[in-house]
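Comments concern the structure below.
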Amino acid sequence: MTRWPAALAAALLLILATAPPAAAGAPITTALYTADPAALVVGDTLYVYTGHDEAPPGGTNFVMRDWHVFTSGDAATFTDRGARLSTGTFPWASADAWASEVERGPDGRYYWYVSVNGDGPGWMNIGVAVGDSPLGPFTDAKGGPLISDSTPGSSPLNIDPTVFTDDDGQVYLYWGSYYGLRAAKLNPDMTSLNGPVITPSGVSNFWEAPWMFKRNGVYYLAYAANDAGCSAPGYACVRYATASNPLGPWTHRGVVLDQVSSTTNHPAIVEFKGQWYMVYHNAAAPGGGDFRRSVTIDKLYFNADGTMRKVVQTGGNDANLALSATPYTSYVSPWETLGAINDGHTPANSADHSHGAYGNWNRQGTEWIEYRWPSARGVGSVAAYWFDDDLGIDLPASCRVQYWNGGAYVDVPGQSPCGVAAGAFNVVTFPQVSTTRLRLTMTSRPGYSTGVLEWRALP
Ligand code: FUB
């Protein structure tokens with residue numbers, strides 16, 4: 001069990017407890033809630049097209065009426081160019097301005113593919129608008145849906161278009177949700193299908209939100225998946241597959257983004273000025289939530305063999321209140337590192353103690369870890385990455401979140417179930433509490449102790 005001599009562990013604890021937050025990218029805006037990003041590079045400018053979450057605090061449904069465009073010259077600071085498209089652009093649709101993507105057509109115009117609720121039979125459709133510049137103005141390019149429930153072979157939920165132009169000029173449309181990925185070729189007019197809808201093979205655990213790109217002759221498809229192997233129930237991670245043909249067959253390659261603080265997850269991947277990025281959303285902005293999301297951006301790196309490294313979620317850490325807290329615990333084993341829980345690291349898996357780990361071997365039963373701040377913080381969710389060393393420390397049997405109400409520790413009211421999954425951040429959400437002390441109480445499985453690799457606290 002011994003990993004660190006006690007003196008070294010104590011020194012490391014001090015270093016970790018005083019380490020400043022990592023340099024991090026904030027949400028691209030906190031002036032409004034944004035979601036479902038798509039990215040496009042034109043010249044020296046990075047364009048990020050987003051949905052716009054307008055649900056009220058505590059809302060339990062999407063309220064989305066328009067799409068915004070943001071521009072950046074450095075992928076760090078973004079300017080909101082306003083709502084450049086809305087459901088009102090499409091006379092045949094009136095609600096649900098969901099995920100979208102913009103692609104330059106062979107005619108040099110910019111085609112904005114959107115998920116939108118049409119007024120005809122069925123629910124969601126894919127429509128397309130067109131403009132002469134990446135900022136528009138945009139008008140309905142077709143006068144009706146490009147894809148609807150009546151399109152032969154279409155998805156159980158026709159949303160989340162991603163459009164990709166290959167080197168030979170052929171344009172491909174991928175889309176879908178409810179585990180139904182679909183693809184088709186587009187004609188050069190960008191507004192009609194060129195051939196049948198197909199169901200690509202090999203895209204393991206596809207849920208929704210596909211994003212297609214090409215690098216070094218290899219086709220990549222990133223997408224939201226929500227299987228137990230990568231996210232807690234109700235949440236999604238981003239997996240990806242590669243292919244040597246734009247319509248597949250695809251080979252699943254792994255997880256490129258862990259679950260985020262919102263239940264939905266939605267990637268866009270782009271190279272800008274020699275650096276690759278993933279743009280995605282989470283619930284990390286002040287007052288954020290599953291229906292009040294915020295788009296953020298982080299660097300993405302490839303391995304020499306073309307596989308993608310897991311994205312480090314620095315945007316989430318920007319809002320991570322744990323980084324400015326002092327950790328306490330009921331008990332930590334002398335060789336373990338309490339300060340590991342708030343060092344901002346994203347573990348690769350539950351056995352990854354490369355940045356240290358909190359563990360309470362050989363205690364059994366209920367133990368706790370706690371954050372204290374010098375003044376009250378508003379906390380609306382936490383995310384625990386459990387430590388499992390396949391020895392004496394195992395995933396807990398149960399857990400709950402408590403806070404100091406000024407006189408006692410009490411359970412945080414309205415908290416969602418406290419997950420005990422391995423290999424992922426287990427997110428617990430609740431109506432925001434204002435407190436100077438937040439506690440994670442965990443009860444071990446019989447015969448084992450418990451441990452934590454990272455514990456985030458978000459507004
Ligand atoms: O924003 C509404 C829907 O949530 C999107 O279309 C999905 O990708 C998910 O992010």
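No value in this document is a laboratory result; all are computed from the given coordinates. For clarity, every value in this text was computed on a predicted model and none was experimentally measured. Note: ideal-geometry Cβ built from the backbone for every residue, glycine included; neighbour counts use all protein chains shown.
Send over the per residue convex hull volume for the stretch 33-300, Cα only, as a whole number of Å³. Before the final figure, lay out the partial values.
Numbers: hull volume 31.6 nm³, N = 268.
Enclosed volume per residue, from the Cα hull, is 118 Å³.
Where Rh is the Kirkwood radius over the Cα pairs of the chain, the temperature 37 °C and the viscosity 0.692 mPa s, what D in µm²/s does Stokes-Einstein return? Numbers along the way, then the final one.
Details: Rh = 22.8 Å.
Roughly 144 µm²/s, to the nearest whole number.
How large is ³J(HN,Hα) for each residue in the stretch 186-199, as worked out from phi by the Karplus curve 6.51 cos²θ - 1.76 cosθ + 1.60 (θ = phi - 60°), to whole Hz, x for Gly and Pro?
9, 6, x, 6, 6, 10, 8, 7, 10, x, x, 7, 10, 10
Which entries in the list Lys185/Lys299; Lys273/Lys299; Lys185/Lys214 go over 22 Å, if you measure between the two C-alpha atoms of each?
Details: Lys185/Lys299 30 Å; Lys273/Lys299 12 Å; Lys185/Lys214 16 Å.
Among Lys185/Lys299; Lys273/Lys299; Lys185/Lys214, the Cα-Cα distance tops 22 Å for Lys185/Lys299.
Over the Cα atoms of the stretch 287-342, Rg to Rh with Kirkwood Rh, two decimal places?
Details: Rg = 16.5 Å, Rh = 14.8 Å.
Checking Rg against Rh, the ratio lands at 1.12.
Do you know the relative contact order of the stretch 33-300, to the nearest whole percent, from alpha carbon pairs under 8 angstrom that are 6+ apart?
After rounding, I find 15 percent.
Please sort 416-424, 300-308 by packing, taking for each peptide the average over its residues of neighbouring beta carbons within 10 angstrom, highest first.
Working: 416-424: 18.7, 300-308: 12.6.
Highest mean packing first, the order is 416-424, 300-308.
Can you give the local net charge around Asn117? Use residues other than it whose beta-carbon is closer than 14 angstrom to its beta-carbon, Lys and Arg +1, Asp and Glu -1. Before the final figure, lay out each step's value.
Numbers: positive: Arg65; negative: Asp66, Asp96, Asp119, Asp149, Asp160.
Around Asn117, the charge tally is -4.
Sum -39500 (n - 2.57) across every DSSP H segment of at least 4 residues in the chain, then divide by the residue count to get the 222 nm mean residue ellipticity, nearest 500.
Numbers: 2 runs with 18 residues, N = 459.
Mean residue ellipticity at 222 nm (helix-derived): -1000 deg cm²/dmol.
Whole-Hz Karplus ³J(HN,Hα) for the stretch 271-279, in order, using 6.51 cos²θ - 1.76 cosθ + 1.60 and θ = phi - 60°, x for Gly and Pro?
For the stretch 271-279, the Karplus-derived couplings read 9, 9, 6, x, 10, 8, 9, 10, 9 Hz, x marking Gly and Pro.
Where does helix 6-18 land angle-wise versus the long Cα axis of the chain, in degrees 0 to 90, nearest 10?
50 degrees
Near Ser148, within a Cβ-to-Cβ distance under 15 Å, what is the net charge of the other residues, with Lys and Arg +1 and Asp and Glu -1? Walk me through the numbers before you get to the answer.
Details: positive: Lys142, Arg182; negative: Asp96, Asp119, Asp140, Asp149, Asp160.
The answer is -3.
Could you list, by residue number, the cysteines of the chain that have no other cysteine's beta carbon within less than 4.7 Å of their beta carbon?
Cys with no partner Cβ under 4.7 Å: none.
Would you pull out the residues with amide H under 5 Å of Met124's amide H, same chain only if 5 or more places away, H placed 1.01 Å from N?
Those qualifying (amide H under 5 Å, at least 5 residues apart or on another chain) are Asn158.
So what is the relative contact order of the chain, in percent, for Cα pairs below 8 Å that sit 6 or more residues apart? Before the final figure, lay out the partial values.
Working: 1346 pairs, mean separation 61.5, N = 459.
With pairs under 8 Å counted, the relative contact order is 13 percent.
Would you mind pulling out the separation of the Cα centroids of the stretch 410-432 and the stretch 35-77, in Å?
Answer, in whole Å: 27.
Summing Lys, Arg as +1 and Asp, Glu as -1, what charge do residues with Cβ under 14 Å from the Cβ of Thr307 carry, Thr307 excluded? Kindly include the intermediate steps, with their values, before the conclusion.
Numbers: positive: Arg215, Arg239, Arg253, Arg309, Lys310; negative: Asp305.
Charge balance near Thr307 sits at +4.
Apply 1/(1 + (r/R0)^6) to the Cβ-Cβ distance of Thr30 and Ser354, taking R0 = 30 Å, and write down the FRET efficiency to the nearest 0.05. Can you show the working numbers first?
Numbers: r = 32 Å, r/R0 = 1.08.
After rounding to 0.05, the efficiency reads 0.40.
Please report Rg (one decimal) and Dmax (integer) in Å for the Cα set of the stretch 352-440.
13.8, 39
If I take all pairs of Cα atoms in the stretch 180-229, what percentage of them are more than 17 Å from each other?
Above the 17 Å cut-off, the stretch 180-229 has 48 percent of its Cα pairs.
List the residues, sorted by chain then number, that are 5 or more residues from Val42 or on another chain and whose placed amide H is less than 5 Å from its amide H.
Tyr47
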